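Quick note: the coordinates plus some simple rules give every number you see, no bench work behind them. Since this is a predicted model, take the numbers as computed values, not measurements. Note that each Cβ is placed from the backbone with ideal geometry, even for glycine, and that neighbours are counted across all protein chains shown.
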Amino acid sequence: MVLQGVFIIVSLFTLLSALMVVTHRNLFISALFLVSTFFGVAALYVLLEAEFLAVAQVLVYIGAIATLIIFAIMLSRGMMQGRTSPYNAQAMWAGIGSVVLGLLLLYVVAFQVDWPVTDAKVPADTISNLGAALVGHYVIPFEVASVLLLAALIGAVMIAREKEY
Amino acid sequence: MLDPLILGEWWKSFLEGLGLSSGWIILINAVVVTVILLGFGLTSVLFLIWLERKLAARVQDRLGPNRLGPYGLIQTVADALKLMTKEDITPDNAERITYNLAPGLSVFAVLMLLLVIPFGPGLIGVDLNIGVLFIVAMGSIGIMAALMAGWSSNNKYALLGAFRAVAQLLSYEIPMVLAMAAPVILAGTMRMNGLAEAQGGGRWFGLVMPAMFIIYILAALAENERTPFDFLEADSEIVAGYHIEYSGLKFAWFFLGFFLNTLLLASIATTLFLGGWQGPFVKQVPILGPIYYFIKTTVIIAFFMWERATFPRLRIDQMMAFAWKVLVPMGLVLVLAAAAVAKLPVGTALQSVILFVVNVVVLLVALGAIGRHLRKEAERYKVEVRPMPTMS
Amino acid sequence: MLNSYAVVGVYLLIALAFPFVVLYIVSFLRPSKPNPLKNSTYECGMETIGDTWVQFRAQYYLFALVFVIFDVEVVFLYPWAVAYNKLGLFALVEMAIFIGLLALALVYAWKKGILEWQ
């Protein structure tokens, strides 16, 4: 019961932060709310007893990706001065449309889908199992991931550095 | 004897005797642990600030604070009181909310680390399964706090200082994380208490892998923004980096965070590389655990402070080059070496010896490469210096 | 296991609130006499020149980029490190390939001059 209460609080925190990300006028503050959204997601992972995933979320998303996003925001010129409103002329119709779509999706998800529920408990030694799975069952995706990282770095370097020719 | 575990058992039975449900017991325990850890953290910081001033003073052949209290021990309290009563000047056009949030977040990020330090056998705030990664994750929150401080001050130099600080913190986080991965390989667990336990019998990871230990110490110095990586504090550089516009207690929180970070990085070095609370007779007399931990951590902190008083600082480009071109390759090689040696079909003792030899070899190779690079740089500068043309 | 995180949660809330509560309490002890000169932005004792906006060099972004790559690598490294003692030789080989590819990435970035700071 306490768990339910904590879950509701954490979810509200995450959803509110996400809402502020898209509605706030200042880009930097939006990025900071993105950081708090990531933190909320990490807390949700903890509630699901996926502790490694939670700490990986904080480490990679907040530590690396949010920093990258903030640096990218700083690279754009009008960041400091620009305080434009995120709303445009079709805001009201878009709002109505998305609320209707959202309610429709909620109805389908809550009442029409047959969610499989299991009684299995989370194993106590998740990290060790994860490590064994990475080099055992999932070795191909593991190695492909490193190739992907290599490709990402090469691509980003090619785009980001100045042409010196 | 004074076994902390027995004290813990007594406390638990006392609480259960009061007839509370287990949920409330957890809550009460959590609050008690919090109060103890926060109290310990803050009082140690007071002591550390005094230690830094005394040590730097003695190195510089002067006395340091010696008026307030015996040997000047009350000096830090007086300084804290002074900072608390200073006027809080918020610059024009500063973003109020983030400006006020930044110092608190900076301290919060460091305070969280107190939870996972094993002070003695079983004496740990929470023995998380992901202890080591938790430490690194809290570092990233500190990075966010630095960015917030720099951006919201509405000051060119604060912003510039924040970017450079973040670049430094990011660059040295990778060597630090690689250095922390090697003890995890040798111990087979990420729990901080487990890492301390795995170093029983004199098999301290810092002795088995000295090069990894050195990498960690250097990365910790940089994460703590200490000399020789403290160009942010250099008065001739960007004055005070991202906390230029902070005064009074807000600056005090940054300052406190700095010293708390020193304490915690030294504690982590002790736990991962110097055996934590391990030492002779610690199984029979558990109270010796915290004493060993305290001695080892103080040695490392004293080393950090001596380093600050002795060495000049690096330029930022030298610092970044050192991180990415020396420490990261060394770290990767040493992690693979530790893994490879661990799979050799020989006994643990022989493995430790082989690993030690590999570490020394890698260290010598790295030093040789640095030396060669520096000599090439010196050649380059020598050639470019031409004698002044004389008027004739 | 969730009990440990309950302790983490309580500690987190208290540690987060603590600096701000102290700041608030102490604000009653302080004088507060703002004047325009004190509030003006600090620029080595002079009047500020120009807007508060600095030329953000792409250098910072590139370092953050390389950091992202290595951060993700490190996240893969840790579960392998924990499970390592129970696995066979293939674990070493596979991680060697993984680290080797990323060392290649580092060498590429090095050769292309990304790691130089101007």
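Could you sort B:250-261, B:318-329, A:128-139 so that the peptide with the highest average Cβ count within 10 Å comes first and the rest follow in order?
Per-residue mean Cβ counts within 10 Å order the peptides as B:250-261, B:318-329, A:128-139.
Go ahead and run the numbers for FRET between B:ILE28 and B:GLU377, Cβ-Cβ distance against an R0 of 56 Å, rounding to 0.05.
0.40
Within chain A, which complete DSSP H helices have Cα atoms spanning at least 20 Å along the helix axis and a mean Kyte-Doolittle hydropathy of 1.6 or higher?
Qualifying helices: A:2-23, A:27-47, A:91-107, A:139-160.
Across peptide A:1-12, what mean number of C-beta atoms from other chains lies inside 10 Å of a residue's C-beta?
Partner Cβ neighbours, averaged per residue: 1.
In which sequence would B:HIS373, B:HIS243, A:HIS24 go, from the one with the fewest C-beta neighbours within 10 Å to the one with the most? Before the final figure, lay out each step's value.
Details: B:HIS373 13, B:HIS243 28, A:HIS24 16.
Going from least to most buried by this count: B:HIS373, A:HIS24, B:HIS243.
May I have the pair-distance distribution P(r) for the protein assembly as shown, computed from all Cα-Cα distances with 10 Å bins from 0 and rounded to whole percent?
Answer for the protein assembly as shown: a P(r) of 3, 13, 24, 27, 20, 10, 3, 1, 0, 0, 0 percent.
Going by how many other Cβ atoms sit within 10 Å of their own, how do B:ARG62, B:ARG226 line up, fewest first?
Ordered from fewest to most neighbouring Cβ atoms within 10 Å, B:ARG62, B:ARG226 come out as B:ARG62, B:ARG226.
Projected area of the range B:86-375, taken from the Cα convex hull and averaged over every viewing direction, in nm²?
Mean orientational projected area (the range B:86-375, Cα hull): 16.1 nm².
Could you tell me the center-to-center distance, by alpha carbons, between the range B:133-167 and the range A:33-72 in angstrom?
17
Can you list the lysines whose alpha carbon sits under 28 Å from that of B:LYS250, skipping same-chain ones fewer than 8 residues off?
B:LYS54, B:LYS82, B:LYS86, B:LYS156, C:LYS33, C:LYS38
What is the average number of partner chain Cβ atoms found within 10 Å of a Cβ in B:337-346?
Numbers: counts 0, 2, 8, 5, 0, 3, 8, 0, 0, 0.
What the average comes to for B:337-346 is 3.
Among A:LEU149, A:THR126, A:GLY95, whose Cα sits farthest toward the positive end of the charge dipole of chain A (+1 at Cβ of Lys/Arg, -1 at Cβ of Asp/Glu, about the Cα centre)?
It is A:GLY95.
Determine which lysines satisfy two conditions relative to B:LYS343: a Cα distance under 18 Å, and not lying fewer than 8 residues away in the same chain.
Correct list for B:LYS343: C:LYS86.
For the residues C:TYR5, B:TYR157, what sequence is obtained by ranking on other C-beta atoms within 10 Å, fewest first? Let's see the in-between values first.
Details: C:TYR5 19, B:TYR157 23.
So the residues, fewest neighbours to most, are C:TYR5, B:TYR157.
Within 10 Å of each Cβ in peptide A:38-45, how many partner chain Cβ atoms are there on average? Round it to a whole number, please.
Average per residue, whole number: 1.
In whole Å, what three semi-axes, largest first, describe the equivalent ellipsoid of the range A:1-80 built from its Cα gyration tensor (square root of 5 times each eigenvalue)?
27, 16, 5
Counting only complete DSSP H runs, which helices of chain B cover 30 Å or more along their long axis at the Cα atoms and score a mean Kyte-Doolittle of -0.5 or above?
Flagged H segments are B:22-59, B:131-152, B:156-187, B:248-273, B:288-310, B:348-384.
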